[in-house]
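Enquirer: Before I ask anything, here is the structure I am working with.
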Amino acid sequence: MCVRVNIDISQPLCRGHLVNVRDSQTLWISFKYERMSNFCYWCGVTNHDEKDCRMWVSSQGTLKEDQQYGAWLWATTEWFQVSYVVQNKST
């Protein structure tokens, strides 16, 4: 399923959301993003990348390598829907 949303680029990207399903069960829905600018794998904010991250700079390189954000948040090309417009030209 694809949806279009507006996001606050000053806040970290949402990686997913727990959804209640039948029988009081919950299901994790992972989000993927398409057509967005670069984002920081350390803090998840879209207005800078890793080398300009205040969190990274202030940690002086001591952050763990297991980042909460990464390339898996990018939607692959198979997620994109291609639309074709066909016009009938009269002769």
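Enquirer: Hey, rough spin-label estimate for Cys14 and Gln67, points 7 angstrom out along Cα→Cβ, what's it come to in nanometres?
Expert: 2.2 nm
Enquirer: Now for a separate question. With a cap of 16 neighbouring Cβ atoms within 10 Å, and only residues DSSP puts in a loop, list the trypsin sites (Lys or Arg not before Pro) found in region 35-65. Could you put the intermediate results ahead of the total?
Expert: On the way: sites: Arg35, Lys51, Arg54, Lys64; in loops: Arg35, Lys64.
The qualifying sites are Arg35, Lys64.
Enquirer: Further question on the same structure: Sorting Val5, Val57 on the 10 Å Cβ count, fewest up front, what's the list?
Expert: Working: Val5 7, Val57 11.
By the 10 Å Cβ count, ascending: Val5, Val57.
Enquirer: Next up: 5 Å is the cut-off here: which amide hydrogens, built 1.01 Å from N in the peptide plane, fall below it relative to Tyr33, excluding neighbours closer than 5 in sequence?
Expert: The list, which skips near neighbours in sequence, is Trp74, Ala75.
Bear in mind these aren't lab numbers, they're just calculated from the coordinates by the rules spelled out. These numbers come from a predicted model, not from an experiment. Cβ: placed from backbone, ideal geometry, glycine included. Neighbour counts: every protein chain shown.
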